[in-house]
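The values are calculated or read from the model by the stated rules, or taken from the named source; none is laboratory data. Bear in mind that the values here come from a model prediction, so they are computed numbers and not experimental data. Note: ideal-geometry Cβ built from the backbone for every residue, glycine included; neighbour counts use all protein chains shown.
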Amino acid sequence: MNSVDKAVETQLKNIEKKTGKPLDELSAIIQQSGLTKHADIRQMLMDRFQLGYGDANSLVHYALKSDAKRAAEEKGLSTEDVVNELYAGPKAALRPIHERVMAAIMSFGEFEIAPKKTYLSLRRKRQFAMLGPATKARVEVGLNMKGIEPTERLILLPPGGMCNYKVNLTDPEQVDAELIAWLRTAYDSAG
């Protein structure tokens with residue numbers, strides 16, 4: 001079991017402790033709620049069990065078996081297959097941006113890639129970046145780091161989200177020394 005899987009397993013055990021309910025009972029509550037939208041179910045769990053956003057989100061994925069990694073594994077898809085799907089069709093022209101970002105990050109050292117439905121989560125002990133096509137004309141890099149002054153390019157995100165900052169990329173040439181330095185800061189701060 002890799003460290004991402006261990007982290008999810010630990011998170012699910014902690015959810016059981018916080019709620020006082022086993023996962024199968026929590027899954028049944030979700031199924032019986034009649035809710036079908038991920039966001040609605042997540043909010044119900046946050047309200048009913050006072051779970052934080054991340055815990056409620058993970059519980060919804062667990063109960064609905066909807067996380068992209070599990071879906072990919074069930075289909076026998078590799079991370080490369082998932083990346084190919086992310087950058088298919090009208091988003092294919094964005095693939096060189098993705099490749100440049102990944103090449104820069106690979107030079108830092110070891111990390112794990114957790115494929116999601118619309119992006120890749122990049123993790124060490126915790127997530128340090130997210131990478132994926134935001135539109136058919138733009139790749140978004142989400143960064144988790146603290147103490148960096150936002151700029152017009154390094155956009156500060158509201159608290160409580162999956163990342164602290166984001167950078168929008170429309171051309172491979174935008175994967176420059178400045179972006180790589182931010183990526184390195186996020187990578188180093190993730191353990």
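One table, with the values for the structure above:
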read-out: The listed residue being touching a Lys or Arg at 6+ places or on another chain (Cβ under 9 Å) and either in a loop (DSSP other than H, G, I, E, B) or in the same structural domain as Gln11 (by TED's automatic domain parsing) (or both), out of Glu110, Glu152; value: Glu110
read-out: Residue match in the stretch 132-139 (condition: surrounded by 14 or more Cβ atoms within 10 Å (Cβ to Cβ) and outside any strand (DSSP E or B)); value: no
read-out: Looking only at the stretch 133-191, and only at residues there that are closer than 20 Å to Lys91 by Cβ and hydroxyl-bearing (Ser, Thr, Tyr), the one that is modelled with the highest pLDDT; value: Thr170
read-out: In the stretch 107-121, the residues that are of a type in the set (A, V, I, L, M, F, W, C) and either touching a His at 6+ places or on another chain (Cβ under 6 Å) or without any contact (Cβ under 8 Å) to a residue 60 or more places away in the chain (or both); value: Ile113, Leu120
read-out: In the stretch 170-184, the residues that are closer than 14 Å to Ala129 by Cα and either more than 22 Å from the chain's Cα centre (by Cα) or surrounded by 16 or more Cβ atoms within 10 Å (Cβ to Cβ) (or both); value: Leu179, Ile180, Trp182, Leu183, Arg184
